[in-house]
Amino acid sequence: MTIGTFSYPIPANEPTFQYGPGSAEKIALKERLAALKNDTVNIPMYIGNEKVYTDKKIAINPPYEKDFVLGQFSEGDETHVQRAIEAALAAKAGWEAMSWENKAHIFLKAAELLSTKYRYHIVAATMLGQGKNAFQAEIDAACELIDFLRFNVHFLSEIYKQQPISSPGMNNRVEWRPLEGFVLAVSPFNFTAIAGNLCASAAMCGNVVVWKPAYTQVYSANIIMQVFKEAGLPDGVINLIYVDGPVLGKVCFSHHDFAGVHFTGSTGVFNTMWKSIGENITKYRTYPKIVGETGGKDFVMIHKSADIDVAVTALVRGAFEYQGQKCSAASRAYLPSNIAKAIKAKLVETLATIKVGTPEDFSNFVNAVIDERAFDKIVNFIETAKNDHRVKVIAGGNYDKSVGYFIEPTVLEASDPTYKTMCEEIFGPVLTIYVYDAEAYEETLHLVDTTSPYALTGAIIAQDRVAVELATNKLRNSAGNFYVNDKPTGAVVGQQPFGGARGSGTNDKAGSIINLYRWLSARTIKEVYVPVTDYTYPFVKEA
Ligand code: NAD
């Protein structure tokens, strides 16, 4: 045992590699992409100290080259969920007992491994498996994941320092216990960083975890798990399994030791989970923590005073980076009538310069959407719009799934501000714009606030300070992450804690101190040094 109070100061954000022309990092990344494509992987589940393979193999294909096989993973069933829970519970006592210093160093080492030895590996895997371009993969799989790990070590250290005051003759203290039972982490396809963070943040707090990623993210999830193991994470603390969502829910949500779920994904799935937890509430030892960051219908509100180039850049980057498959992606925009024509012209002109294709060709800004199901769903929105008199396609609108799931960046102009693509999450490269009367700014802010059930991100583009203030106030509850003169995407750990309310989730701000409180259960201890020995108080004595 080392004795001392150790400090974990606030870290700096991981610097982002730019992958400029001829740079050493571009060469290294391309080499890693080629090496991974030459190596067909057979990915196991990780349960306790076992690598578990099953007969049910699922092929892993890049979304932009659907017939290429990167490898396969083993799908599990109910028995694997059960085994993962048992392995987690078996690891619990040892993990809880390990000092915070040693736990912290596991995650700091994992961050360092990702920053150095595994950097190109995790970035290349995210490009291949999830179809991100080099920059999108870099800011996600390398930088954000590294930041999550390092900042959470700092934040948790700050929580552990928080202690109550004590009156003379006694001591009060708070012990920051992990939850009683296991935590279930269920992660989405679109961010490698989120997948790593959902399981690691709960584990860091001393919890044991069953982690189920989206099938389309297993390729990079496997590397995260390897990094955690290499960093010294004891067996069973995080168990990685690949099972169908409802099968997972059936076993976990009826288990006596279910202590919480850390979810990121769609609103519908989260609602199903919450309902099922509610129905099973009497089965649990403790009230489970339910944390979910869910869907969005993120807006860009442009004021008549806006700089046109700022507005267009916010729309292009906000709506089309990673093919609009970010929960924060701009998907509805409100253009003031005085500059709408100029913004539309510039937008269409800019989109004409964007290349769509494989991320292995670094000149492509837009790549394929994640899978056929997503492709078909997005195409359906586009085709329905083409046949509706309330909408015009002003850019894009074409698609092709013969080689990969490619959809052109598409802009729809709706004459009806409640048209479905102004309200529903599409999760693809489709932006709908609505032109409003530039003199009806305040009424339009009301429209922005009431149009969709979500409240994740939003942006105001304006040079007029009064307009900025009005939007900030009127849209207070319309977004958990609000941007002034910027795109509504690209939150950075430690800088813009991320999450939304209403239909967008419990707003527990992943990668911030707020989130970590959810994986802790405080015990208050009061100790009296010289206890009283007489039950009476002075007031009972009359003389
Ligand atoms: P999804 O809801 O389809 O899947 C998320 C996870 O839930 C996957 O692991 C999936 O297998 C699992 N799942 C599905 N059905 C389940 C069930 N019945 N029981 C238990 N688990 C189940 O989401 P996705 O397509 O992977 O990701 C896109 C969605 O995630 C979008 O709605 C997006 O807005 C949201 N998202 C939100 C944030 C945020 O921070 N708010 C971040 C990223 C993604």
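Only residues that are touching a residue at least 40 places away in the same chain (Cβ under 8 Å) and in a loop (DSSP other than H, G, I, E, B) were counted across the stretch 212-222, and they come to 1.
Is it true that residue 76 is part of a loop (DSSP other than H, G, I, E, B) and under 22 Å from residue 233 (Cβ atoms)? When the stated conditions are applied, residue 76 passes them.
So in the stretch 467-482, with the set limited to residues that are in contact (Cβ under 8 Å) with a residue 12 or more places away in the chain and open to solvent by 20 Å² or more (accessible area, probe 1.4 Å), which one is nearest to the ligand (Cβ to nearest atom)?
Filtering the stretch 467-482 down to residues in contact (Cβ under 8 Å) with a residue 12 or more places away in the chain leaves 467-468, 470-472, 474-475, 477-482.
From the residues that got through so far, the ones that are open to solvent by 20 Å² or more (accessible area, probe 1.4 Å) too are 470, 472, 474, 477, 480, 482.
Values: 470: 26, 472: 21, 474: 22, 477: 16, 480: 8, 482: 15 Å.
Top of the filtered list is 480.
Residue count for the stretch 452-466 under the criterion of being of a type in the set (Val, Ile, Thr) and loosely packed, with under 14 Cβ neighbours inside 10 Å: the result is 1.
Every test in (1) assigned to a helix (DSSP H, G or I); (2) more than 16 Å from the ligand (Cβ to nearest atom); (3) open to solvent by less than 10 Å² (accessible area, probe 1.4 Å) is passed by residue 341 save one, and that test is (3). Screening residue 426 on (1) within 24 Å of the chain's Cα centre (by Cα); (2) open to solvent by 30 Å² or more (accessible area, probe 1.4 Å); (3) under 17 Å from residue 319 (Cβ atoms); (4) not aromatic (Phe, Trp, Tyr) shows it passes everything except condition (2). Quick check on the stretch 153-160. Is at least one of its residues within 16 Å of the ligand (Cβ to nearest atom), among the polar types (S, T, N, Q) and touching a helix residue (DSSP H, G or I) at 6+ places or on another chain (Cβ under 8 Å)? No, there is no match, as no residue in the stretch 153-160 is within 16 Å of the ligand (Cβ to nearest atom), among the polar types (S, T, N, Q) and touching a helix residue (DSSP H, G or I) at 6+ places or on another chain (Cβ under 8 Å). Of the residues examined, residue 309 is one that is away from the ligand (no atom under 16 Å from the Cβ), under 30 Å from residue 470 (Cα atoms) and either open to solvent by 10 Å² or more (accessible area, probe 1.4 Å) or under 24 Å from the mean Cα position of the chain (by Cα) (or both).
Candidates are the residues of the stretch 212-254 that are within 10 Å of the ligand (Cβ to nearest atom) and under 14 Å from residue 83 (Cβ atoms); the one that is most open to solvent (accessible area, probe 1.4 Å) is 247. Can you find, within the stretch 494-527, the residue that is farthest from the ligand (Cβ to nearest atom) among those that are basic (Lys, Arg) and open to solvent by 40 Å² or more (accessible area, probe 1.4 Å)? Across the stretch 494-527, the extreme among qualifying residues is 526. Scanning the stretch 172-211 for residues that are within 16 Å of the ligand (Cβ to nearest atom) and in a strand (DSSP E or B) yields a count of 8.
The values are calculated or read from the model by the stated rules, or taken from the named source; none is laboratory data. Note that the structure is a prediction, hence the values are computed from the model and not measured. Cβ sites come from the backbone with ideal geometry, for glycine too, and all protein chains shown count toward neighbours. All accessible areas refer to the heavy atoms of the entire protein, side chains included, with ligands and DNA or RNA removed. Shrake-Rupley method; radii C 1.70, N 1.55, O 1.52, S 1.80 Å.
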